[in-house]
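Below is one structure, written out as structure tokens; the observations come after it.
The values are calculated or read from the model by the stated rules, or taken from the named source; none is laboratory data. Values in this document were obtained by computation on a predicted structure and should not be read as measured data. Note that each Cβ is placed from the backbone with ideal geometry, even for glycine, and that neighbours are counted across all protein chains shown. In case anyone asks, the SASA skips ligands and DNA or RNA and just uses the protein heavy atoms, side chains included. Shrake-Rupley method; radii C 1.70, N 1.55, O 1.52, S 1.80 Å.
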Amino acid sequence: MTKLIYERSRPGRRASSLPRYDLPTASVPSELARKSPPRLPEVAEPELVRHFTELASRNFGIDTGFYPLGSCTMKYNPRVNERLALIAGFRDLHPLQDEGGAQGALELMWRLQAILAEVAGLPAVSLQPAAGSQGELTGLMLFRAYFAARGESEQRREIVVPDTAHGTNPASVTMAGFQLVGVKTDPRGNIDVEDLRGKVGPQTAGLMLTNPSTLGLFDENIEEIERIFHGAGALMYYDGANLNAVCGISRPGDMGFDVVHINLHKTFSQPHGGGGPGGGPIAVRDILEPFLPVPAVIRNDDGSFGLDFDRPQSIGKVRAFTGPFGVFVRSYAFLRMWGDRLREMSEVAVLNANYMLARLKETYDLPFDRLCMHEFVVSAQTLKREHGTTALDVAKRLMDYSFHPPTVYFPLIVPEALMIEPTETEAKETLDAFCDALLAIAREAADEPELLKEAPHDRPVKRLDEVRAAKHPVVKYAFDEHPSADVGPSAVAAEAPKGV
Ligand SMILES: Cc1ncc(COP(=O)(O)O)c(C=O)c1O
């Protein structure tokens, strides 16, 4: 087992030996000064590099393998994006640089806004939100501002969210101060329109919908849904996490939506996962533009670019400065690379998903037997009933076949769900190898179910107790419990918090 970096520590070892500096020691106010030096691991440089390289080599990542995490759109990120994000003028730009000295960056943002407006089919864009979930919250804050300006904020309190929604949707509804109204899914995987009709009225502020949904299905009644909400004077929010399915093919604005967030880190490529970095710009219909966050990135009459703070009805800022700029550079590069072929990106993503679905649907249960969009949901329900093999067992065993598992147990309405999203960046051989692995696992479930219960077998970390990990997280190294260490600790254990 790999030792912790603290366990490799030996007093006095250093990663490099630089000449002693001869500058006077700065005087630190006593209330800010440390009482004792920080307890850092002391190791030589080769040990340090080997330690972290070894740890990194244990990780799954899109650069090392297929990562079919449904809804997360883990596509390969072209290296050219990184090269461009590292251009000194972009990389070293200070966020407080005056507008005259930041014309290139402002132009890039303005152009990105224009492309996103075109893709969304909605005229005005704010790049500020830093993630899809923050885009959701911002969009709902615009709903509030809009109804407040119309004197309807007391009346319109409810947001309708389908039972297939991502967890951030109901969370955003609550954070924005609205009340959540759930709506069911019908037997074809669409919103149940009859259920919906009884839930929309003068009290409704709007709908939040992911289309295609988290089942990977395009809602067949989207025009009727639009009539129901707009007919009741309510607004429509499009969760754009699944935009990878429809770019250049259909647009949220044309479907009738008033706001959409776009997960730049999914659809338009960014290395993401583990909490960042991300970008969740929103595009909105003209009636909502006055309420967008400030500053707006604009082009002035003389052709220069600037920041406009003069928006009296704005909801204010939702993030520092103008948003996550490095993310903008990568997405802009990615979008320009596809150019007017962007539609192909989505077409290939949808084709890849349907190819895999066709290979798997005889072996795994298919809850809604339709053509899918860029992702699909199958279920391990029969494997569970017949052999005791769960979706979790299948996912864990996939790691032995060197694949990152798909999303599991989501959406919540599908028992033993496996949600698979290949994206457009994978070769047919990779798709086949992944399907072969899933088919082989189904055979193993019949022949050797115990093998799957213990999986993974060939990874550095075996099956973890995920409930314990969630309920008793050990987030701090316990120095003082390990007196054997010369400098700090020699073992890993830390006491779990009590009573969680
Ligand atoms: C359907 C859906 N909506 C919203 C989100 C939230 O996006 P973000 O992770 O950028 O906050 C996700 C993220 O996984 C998602 O899959």
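Before moving on, here are some points about what is shown:
- Peptides 381-392, 86-97, ordered by how many other C-beta atoms sit within 10 Å of their residues on average, highest first, read 381-392, 86-97.
- Heavy-atom accessible area ranking, 1.4 Å probe, most first, across Arg343, Arg34, Arg359: Arg34, Arg343, Arg359
- Value in Å of the Kirkwood radius, where segment 195-330 supplies the Cα pairs that are averaged: 16.9 Å
- Across Lys317/Lys471; Lys428/Lys453; Lys361/Lys428; Lys3/Lys476, pairs whose alpha-carbon gap is larger than 24 Å: Lys317/Lys471; Lys428/Lys453
- For the set Val28, Val80, Val318, solvent exposure ranked by accessible area (probe 1.4 Å, protein chains only) runs largest to smallest as Val28, Val80, Val318.
- Counting Cα-Cα pairs of segment 83-340 in 10 Å increments starting at 0 gives whole-percent bin shares of 7, 32, 35, 19, 6, 1.
- The slack between Leu32 and Asp436, meaning 0.36 nm per residue of separation minus the straight C-alpha distance, is 139.5 nm.
- Full extension of the chain between Glu224 and Asp286 gives 20.1 nm of extra length, using 0.36 nm per residue less the Cα-Cα distance.
- At 1.002 mPa s and 20 °C, Stokes diffusion of segment 12-101 via Kirkwood alpha-carbon radius, µm² per second: 111 µm²/s
- Percent carbon-and-sulfur accessible area, the chain, ignoring ligands, DNA and RNA, probe 1.4 Å: 55 percent
- Residues Asn59 and Arg20, FRET efficiency given R0 of 30 Å [Cβ-Cβ distance, rounded to 0.05]: 0.20
- Sorting the segments 189-199, 131-141, 426-436 by their residues' average number of neighbouring beta-carbon atoms within 10 angstrom, most packed first, yields 131-141, 189-199, 426-436.
- Per-residue ellipticity at 222 nm from helix content only, as computed over the chain with -39500 (n - 2.57) for each DSSP H run of at least four residues, stands at -10000 deg cm²/dmol.
- Share antiparallel - DSSP beta bridges, the chain, percent rounded to 5: 55 percent
- Taken per residue, the accessible surface of the chain reaches 49 Å², heavy atoms only and a 1.4 Å probe.
- Distance between modelled label sites at Arg385 and Lys453, nm, 7 Å Cα→Cβ extension: 2.1 nm
- Extension reserve of the Val193-Lys462 stretch, reckoned as 0.36 nm per residue once the Cα distance is removed: 92.3 nm
- Kirkwood-type radius of the chain, with distances r between different C-alpha atoms, in Å: 25.5 Å
- Coordinate range along principal axes, alpha carbons of segment 165-240, Å, largest first: 31, 26, 18
- Sorted on the mean count of surrounding Cβ atoms within 10 Å across their residues, most packed first, peptides 230-236, 216-222 read 216-222, 230-236.
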